[in-house]
Amino acid sequence: TPIQMFVFALITMLYIPCVATIIVLRNETGWKFTLKVTFIEVGFALLLGGIVNWGYIFITGGG
């Protein structure tokens, strides 16, 4: 459905895009900060995607 495509695109734009990014971040800052940033970014992307999806369902009545 269009809302699923929109939510997928939103989540994909917000989370860390590739392993290379994580490796460079680890080399620059260390594992502790890298894991913290990774989990925060992925969590934020999923949370925002869920809010958008639930908001759409709430506004449109599930349709």
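Pick from region 1-31 the residues that are polar (S, T, N, Q) and surrounded by 10 or more Cβ atoms within 10 Å (Cβ to Cβ): which of them is nearest to the chain's Cα centre (by Cα)? The residue in question is T12.
In the set (1) surrounded by 15 or more Cβ atoms within 10 Å (Cβ to Cβ); (2) within 10 Å of the chain's Cα centre (by Cα); (3) not basic (K, R), the condition left unmet by T34 is number (2).
Any read-out appearing in this document is the output of simple, stated calculations on the displayed coordinates, not a laboratory observation. Here the structure is a predicted model, which is why all the values come from computation and not from measurement. Cβ atoms come from the backbone with ideal geometry, glycine included; neighbour counts cover every protein chain shown.
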